[in-house]
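Trainee: So that we are looking at the same thing, I have put the structure below in structure tokens.
The values are calculated or read from the model by the stated rules, or taken from the named source; none is laboratory data. Predicted, not measured: the structure shown is a model, and the values here were computed from it. Please note: Cβ atoms are built from the backbone with ideal geometry, for glycine as well, and neighbour counts cover all protein chains shown. Heavy atoms of the whole protein, side chains included, go into the accessibility calculation; ligands, DNA and RNA do not. Shrake-Rupley method; radii C 1.70, N 1.55, O 1.52, S 1.80 Å.
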Amino acid sequence: MSVHKEIRKVTTHRLAEMKARGEKISMLTSYDYSMAQLVDEAGVDVILVGDSASNVMAGNQTTLPITLDQMIYHGKSVVNAVERALVVVDLPFGSYQGNSKKALSTAIRIMKETATDAVKLEGGSEVIESVERILSAGIPVMGHLGLMPQSINKFGTYSVRAREEAEAEKLLTDAKLLEEAGCFAVVLEKIPAELGETVSKSLTIPIIGIGAGGGVDGQVLVIHDMLGITQQFSPRFLRRYHNLAAEIKGAVGHYIEDVKSGGFPNEKEQY
Ligand code: KIV
């Protein structure tokens, strides 16, 4: 008799329940099938196919160049691997701002072609029409406030956001607007911990932080950063759980030595 393990898929409803009972939500990015399979099997709650793929997968300086077709490619690769986690795909820069009809058709393409569970987009009042139109089609939306990498050219730096009262107030108002519109969660990036906690306490939907302190309802990191694959990027909020760069370089170096010395393949590794 085979023992079949029942997998209970994470839903937006389950995330709301987790916040209600005070259970923190774990979220990580993934962009490809093999990594997503490992991350899902490890038990993470949410997998974000972030537009940070533009940086860590394609080597671009910003998230702006990544295209909708490229996001769909990454989204589908991740969805193919995932059995348990809720999958969220980022809407890329230029595919939703200033035109809610375009935003809806972008979100529908992503849903149809990747079979993701939800989408994420950056901004508050400026994009609320787009948010509402996507939600009206029954597509779950995650918001993203604070440091919004798609607006890097407006701000000019990746420094901590909403330190000033006016910006902090706008952030809280925007978060409430996203909740009222029907978003199921909001990511807050690189803001003071106190503000993160205030937003989390003011909203009933889960608030997921990246550099937003410990008072929010969950945490998200870019997988390449937390595994120590990326080496140049070291913001204060980043905890590296491994030094995979050193391990990969060590293993590749060992392989090169074996090839050069004729030690690979050995007798058993050939036909
Ligand atoms: O694209 C991304 O990886 C993100 C996270 C940093 C939240 O939006």
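Trainee: Please compute, over every Cα-Cα pair in the chain, the percentage with a separation greater than 26 angstrom.
Mentor: On the way: 15866 of 36585 pairs.
Result for the distance tail: 43 percent.
Trainee: Kirkwood hydrodynamic radius, the stretch 93-249, all distinct C-alpha pairs: what's the number in Å? Intermediate values should be presented prior to the final figure.
Mentor: On the way: mean 1/r = 0.0606 Å⁻¹.
Answer for the stretch 93-249: a Kirkwood hydrodynamic radius of 16.5 Å.
Trainee: What does the extension gain come out to for Glu169 and Glu17, with contour length at 0.36 nm per residue minus their alpha carbon separation?
Mentor: Details: separation 152, 0.36 × 152 = 54.72 nm, distance 2.73 nm.
In short, 52.0 nm is gained.
Trainee: Now, a different point. Tell me, what does the Kirkwood hydrodynamic radius of the stretch 100-193 come to in angstroms if you use every pair of distinct C-alpha atoms? Please list the in-between numbers first.
Mentor: Values: mean 1/r = 0.0724 Å⁻¹.
Computed over the stretch 100-193, the radius equals 13.8 Å.
Trainee: How large is the charge dipole for the chain, taken about the Cα centre, if only the Cβ atoms of Lys, Arg (+1) and Asp, Glu (-1) carry charge, to the nearest 20 debye?
Mentor: Working: 28 positive and 34 negative charges, 26 e Å.
In total the dipole reaches around 120 debye.
Trainee: Could you list log10 I(q)/I(0) for the stretch 1-94 at q = 0.14 Å⁻¹, which the Debye formula gives when each Cα is one point scatterer?
Mentor: Here the Debye-derived log intensity ratios amount to -0.55.
Trainee: Using a 1.4 angstrom probe and counting only protein chains, how large is the accessible area of Met148 in Å², to 10?
Mentor: Surface accessible to solvent at Met148 totals approximately 30 Å².
Trainee: Excluding residues fewer than 8 places away in the same chain, name every one of the lysines whose C-alpha is closer than 19 Å to that of Lys249.
Mentor: Lys260
Trainee: Tell me, what is the percent relative contact order of the stretch 83-156, built from C-alpha pairs under 8 Å that lie six or more residues apart?
Mentor: The normalised contact order for the stretch 83-156 reaches 33 percent.
Trainee: Rounded to the nearest 500, what is the chain's calculated 222 nm mean residue ellipticity when only DSSP H runs of at least 4 contribute -39500 (n - 2.57) each, over all residues? All intermediate terms of the calculation are to be shown ahead of the outcome.
Mentor: Working: 11 runs with 112 residues, N = 271.
Value at 222 nm, helices only: -12000 deg cm²/dmol.
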